[in-house]
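The values are calculated or read from the model by the stated rules, or taken from the named source; none is laboratory data. What you see is a predicted model, and the numbers here were worked out from it, not measured in a lab. Glycine also receives a Cβ, built like all others from the backbone with ideal geometry; neighbour counts cover every protein chain displayed.
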Amino acid sequence: AKAAGRGAIRHYDQSLRDRVERRLQVETALREARRRGDLRVVYQPIVELNTGRLIGAEALCRWFSPALGEITPDEFIPLAEDSGLITELSRFVIAQTLADVGRWRQAGLLPEDFVATLNVSPVLVRPGLADMVAEMVAGAGLPTSTIALELTESVLLADDPDVDTEVLKLRAAGHRLLLDDFGTGYSALSYLTRLPVDVLKLDRSFIPSGVGAGEQDGWAVVTAVLRMAQALGMQVVAEGVEHPEQAERLRRLGCDRGQGWLFGRPADADGFTSLLTMVRRA
Ligand code: C2E
Ligand code: CA
Ligand code: CA
Ligand code: CA
């Protein structure tokens with residue numbers, strides 16, 4: 001047993017070393033990625049459940065490293081946050097999204113009320129963020145209402161006057177605020193009455209995956225969240241909608257919007273242009 005124990009420790013050391021090494025590799029590659037142009041932005045449709053109308057898109061960052069292959073944002077975003085690279089990465093995503101949305105708008109491809117949403121890392125929500133966003137949006141010549149911002153619960157819970165000031169400045173500038181991954185982080189809900197959030201994004205872990213009987217309990221949570229949002233005057237986007245039955249159920253429960261593979265996977269700018277063109281013609 002002792003030998004096995006030592007073996008286990010050695011194995012643990014090895015896997016820890018592997019992880020540290022991977023981190024270093026990924027971080028080094030990420031530093032070069034911006035310069036080399038390996039980062040891209042893809043867009044996932046958001047639809048109005050009642051009508052099926054395309055009303056927006058979430059901008060998501062993609063990274064293909066020639067050395068390491070495709071790396072998921074779940075791996076590189078936390079790394080970028082820890083290493084300080086997140087500011088540059090976010091500037092890139094914002095600039096790219098503004099450029100793409102500007103082009104679609106110029107081409108007359110966007111529905112009147114179309115909104116593109118950007119993910120805002122919690123580490124970026126500090127003095128200067130609102131000014132940076134304002135400068136970039138003004139530079140692109142877009143109305144602020146075209147760009148919405150997805151914040152995390154940790155931001156709203158920070159209870160830091162500097163953080164609150166930035167959130168309020170962003171909203172005052174005309175950006176709608178979404179609360180991302182609602183329900184996954186914390187259970188304190190008092191912040192919802194303290195800061196002005198417009199839309200809850202209900203995390204996909206709340207949407208029952210299967211269909212049919214025996215799922216009453218799963219849907220009970222969704223139902224409760226929808227009631228609460230309604231009482232607070234917030235809209236809801238359900239994430240991770242993969243099946244028509246889920247969309248129909250959500251619609252009947254009064255959920256406004258949906259996002260997920262059922263409506264479309266994230267697509268690059270060209271793919272999303274095709275989608276917009278198809279919708280326009282239909
Ligand atoms: P998120 O903000 O919750 O983004 C939604 C994630 O769910 C995306 O994963 C999307 O591809 C995935 N998804 C959408 N529909 C479905 C579906 O029907 N089924 C399933 N199984 N998954 C679906 P992705 O692109 O891998 O992004 C992961 C996370 O990385 C994002 O989660 C977000 O927190 C972060 N992220 C991505 N891009 C950026 C960025 O530019 N800046 C920041 N700060 N974070 C980003
Ligand atoms: Ca998001
Ligand atoms: Ca989310
Ligand atoms: Ca998520």
ask   = Which residues, taken from the stretch 125-163, are within 16 Å of ligand 3 (Cβ to nearest atom) and of a type in the set (Lys, Arg)?
value = none
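Taking the stretch 152-163 as the search range and keeping residues that are over 15 Å from SER121 (Cα atoms) and in a helix (DSSP H, G or I), which one is nearest to ligand 1 (Cβ to nearest atom)? Write out each step before concluding.
Here is the first cut: in the stretch 152-163, the residues over 15 Å from SER121 (Cα atoms) are 159-162.
Among the residues that remain, those that are also in a helix (DSSP H, G or I) are: 161-162.
Working: PRO161: 23, ASP162: 19 Å.
Out of the qualifying residues, it is ASP162.
PHE263: modelled with pLDDT of 95 or more and crowded, with 21+ Cβ neighbours inside 10 Å, yes or no?
Answer is no for this residue.
Have a look at VAL237, VAL279 and point out the one that is surrounded by 12 or more Cβ atoms within 10 Å (Cβ to Cβ), in contact with a Lys or Arg (Cβ under 6 Å, 6 or more places away or on another chain) and not in a loop (DSSP other than H, G, I, E, B). Don't jump to the end; show me each part of the working.
Numbers: VAL279 fails: in contact with a Lys or Arg (Cβ under 6 Å, 6 or more places away or on another chain).
Of VAL237, VAL279, the one residue that is surrounded by 12 or more Cβ atoms within 10 Å (Cβ to Cβ), in contact with a Lys or Arg (Cβ under 6 Å, 6 or more places away or on another chain) and not in a loop (DSSP other than H, G, I, E, B) is VAL237.
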query = With PRO73, PRO66, PRO78 as the choices, which residue is within 13 Å of ligand 2 (Cβ to nearest atom) and surrounded by fewer than 16 Cβ atoms within 10 Å (Cβ to Cβ)?
reply = PRO73
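Could you count how many residues in the stretch 70-128 are of a type outside the set (A, V, I, L, M) and in contact with a Phe, Trp or Tyr (Cβ under 6 Å, 6 or more places away or on another chain)? Outline the logic, then answer.
Taking the stretch 70-128 and keeping what is of a type outside the set (A, V, I, L, M), we get 70, 72-76, 78, 81-84, 87-88, 90-92, 96-97, 100, 102-106, 108, 111-114, 117, 119, 121-122, 126-128.
After this cut, where a residue has to be in contact with a Phe, Trp or Tyr (Cβ under 6 Å, 6 or more places away or on another chain) as well, the list is 70, 76.
Going through the stretch 70-128 one residue at a time, the tally reaches 2.
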ask   = Which condition breaks for LEU30 when tested against (1) outside any helix (DSSP H, G or I); (2) touching a residue at least 24 places away in the same chain (Cβ under 8 Å); (3) more than 21 Å from GLU150 (Cα to Cα)?
value = (1)
ask   = Residues LEU170, LEU179: which one is under 24 Å from PRO127 (Cα atoms), outside any helix (DSSP H, G or I) and within 16 Å of ligand 2 (Cβ to nearest atom)?
value = LEU179
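Look through the stretch 29-63, keep the residues that are of a type in the set (Asp, Glu) and surrounded by 15 or more Cβ atoms within 10 Å (Cβ to Cβ), and return whichever of them is modelled with the lowest pLDDT.
Step one: of the stretch 29-63, the residues of a type in the set (Asp, Glu) are 32, 38, 48, 58.
Among the residues that remain, those that are also surrounded by 15 or more Cβ atoms within 10 Å (Cβ to Cβ) are: 38, 48, 58.
Values: ASP38: 94, GLU48: 98, GLU58: 98.
Looking at the filtered set, the residue picked out is ASP38.
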key: Only one of LEU250, LEU232, LEU192, LEU276 that is more than 16 Å from ligand 4 (Cβ to nearest atom), out of contact with any Gly (no Cβ under 9 Å at 6 or more places or on another chain) and modelled with pLDDT of 95 or more   = LEU276
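From VAL199, VAL120, which residue is within 14 Å of ligand 1 (Cβ to nearest atom), more than 23 Å from LEU89 (Cα to Cα), β-branched (Val, Ile, Thr) and touching a strand residue (DSSP E or B) at 6+ places or on another chain (Cβ under 6 Å)?
Values: VAL120 fails: more than 23 Å from LEU89 (Cα to Cα).
None of the other options fit; the residue is VAL199.
Have a look at GLU248, GLU242 and point out the one that is in contact (Cβ under 8 Å) with a residue 12 or more places away in the chain, farther than 18 Å from ASP100 by Cα and acidic (Asp, Glu). Steps first, answer last, please.
On the way: GLU248 fails: in contact (Cβ under 8 Å) with a residue 12 or more places away in the chain.
Going through GLU248, GLU242 in turn, the sole match is GLU242.
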request  = Out of LEU89, LEU60, report the one residue that is within 16 Å of ligand 4 (Cβ to nearest atom) and closer than 19 Å to MET136 by Cβ.
outcome  = LEU60
ask   = Looking at (1) farther than 19 Å from ARG265 by Cβ; (2) part of a strand (DSSP E or B), which is the only condition ILE55 fails?
value = (1)
key: Subset tally (residues that are away from ligand 2 (no atom under 16 Å from the Cβ) and part of a loop (DSSP other than H, G, I, E, B)) for the stretch 107-132   = 11
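Among the residues of the stretch 225-234, is there at least one that is over 20 Å from VAL120 (Cβ atoms) and within 16 Å of ligand 3 (Cβ to nearest atom)?
In the first step, residues of the stretch 225-234 are kept if they are over 20 Å from VAL120 (Cβ atoms); the result is 225-233.
Okay, now just the ones that are also within 16 Å of ligand 3 (Cβ to nearest atom), so 225, 229.
Looking for residues that are over 20 Å from VAL120 (Cβ atoms) and within 16 Å of ligand 3 (Cβ to nearest atom), one finds at least one in the stretch 225-234, hence yes.
So which of ASP180, ASP268 ends up being crowded, with 18+ Cβ neighbours inside 10 Å and in contact (Cβ under 8 Å) with a residue 60 or more places away in the chain? Steps first, please.
On the way: ASP268 fails: crowded, with 18+ Cβ neighbours inside 10 Å.
That would be ASP180, the only listed residue that is crowded, with 18+ Cβ neighbours inside 10 Å and in contact (Cβ under 8 Å) with a residue 60 or more places away in the chain.
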task = Looking for whichever is of a type in the set (Gly, Ala, Ser), at pLDDT below 95 and either over 29 Å from ARG105 (Cβ atoms) or not in a helix (DSSP H, G or I) (or both) here; the options are GLY258, GLY214. Which one fits?
result = GLY214
